[in-house]
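Notes follow once the structure below has been shown.
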Amino acid sequence: MKSPKGSNGYFDKFSRWIFRIYSYGWIQYFFAPLILTLPPLLLSKYVDNDKFHAYVSIKLPDIAKILDEYYLLSIVLAVLYTIIILALAKSIMQRANASGLDTDGLLILIKTLDGIVGKKDQRFGEHYKKRNQFNKEKLFCEITQPDVQISEIIRGIWQLFDAEKSKGTHNLIRVVLVEIKAGQVTNTPLYFPSDEPVTASIEILNNENSALLTAYNTKKIVIIPDIQEELTKTQSKRKYVAAGTDDDFGSLICYPILHNPTKDIPFVISIHCDEKNYFKKEFSEIYKHTLQRFALRLSVEYSLLLIKENHCGKG
């Protein structure tokens, strides 16, 4: 998925940086109001309080001289300061929150989700035409195919991210469904494109520092903009384990799929691009918002899978 339109300029990057800092509680509720009110407050104090006036005159004579000679101008600048800070804050907020899908991206997302539902509707329609041929006791087992639908969902994620690539780029996007049981990676049964299997061994994927298990253990999205840069970090801070393959380059997203009924994480979605800095941490909210649409559908299909295994048996 490419970066949102119009969001890579210096001011946009600065806005997102400021917004991340502002999100810290002590800055949001203490430091930010202080920046807004302190200069006008000090000017008011300078005018009304003789002791403070005398103190500034002794410690900062040049500033005191300017304030005394340009008293009215100082008041106007104090008012303008507040207006400018508020306007700048509003602009930063708007730009920081503008990292969403553009119109084309939203249309692709809708088309992808419709395609997933369409496949299921088509399958149900075919079973409906043959409804008289099924044994009623086995009808649920015959018509319910969550494994097929899960495959379509993973294909849909790949189609979305691949379609959203920047025009003219030939970067490879690969999406993998990783199965996890009891905190361990057990299988990577689905991947798209279908000729791009996972090259890392199960042992490497099960390393406690792997991006997959980090996403699983923290129940949060993991974004690695540059895998090579990640590998230079100390082991305690690293979220990637080298496999010695082409997968050790580019950028990566790992997204855990929470199954609310069991409070388990049966899957982690891995999205890899062979271009470094293709996925960026500042766009984590849009990645999460987009993938959550698919996570909900995966959770439903996983519930059906558990019910089918319980009612019909495995296989």
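Please treat every number below as a calculation from the coordinates, not as lab data. Quick caveat: nothing in here was measured; it's all calculated off a predicted structure. Cβ sites come from the backbone with ideal geometry, for glycine too, and all protein chains shown count toward neighbours.
Below, the figures for the structure above:
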item	result
Ascending count of other beta-carbon atoms within 10 Å, so fewest first, for E208, E179	E208, E179
Built amide H within the under 5 Å cut-off of I221, gap 5+	none
Ranking of L34, L291 by count of other Cβ atoms within 10 Å, fewest first	L34, L291
All aspartates and glutamates inside 16 Å of K233 as judged from Cα atoms, apart from same-chain residues fewer than 8 positions distant	E208, D248
Karplus-derived HN-Hα couplings along region 140-152 (A = 6.51, B = -1.76, C = 1.60, θ = phi - 60°), whole Hz, x at Gly and Pro	4, 5, 6, 7, 8, 10, x, 4, 5, 5, 4, 4, 5
Filter on K237/K288; K263/K308; K219/K276; K181/K281; K165/K281 - keep pairs with C-alpha separation over 26 Å	K181/K281
Reachable aspartates and glutamates, given that their alpha-carbon falls under 12 Å from the alpha-carbon of K130 and they are not under 8 places away in the same chain	E142
Region 103-312 pair-distance distribution - Cα-Cα, 10 Å bins, rounded %	8, 33, 34, 17, 6, 2, 0
Backbone HN-Hα couplings from phi across region 253-258 [Karplus 6.51/-1.76/1.60, Hz, Gly and Pro as x]	10, 10, 10, x, 9, 7
Normalised per residue, the volume of the convex hull around the Cα set of region 235-299 (Å³)	119
Ranked S236, S251, criterion: other C-beta atoms within 10 Å, fewest first	S236, S251
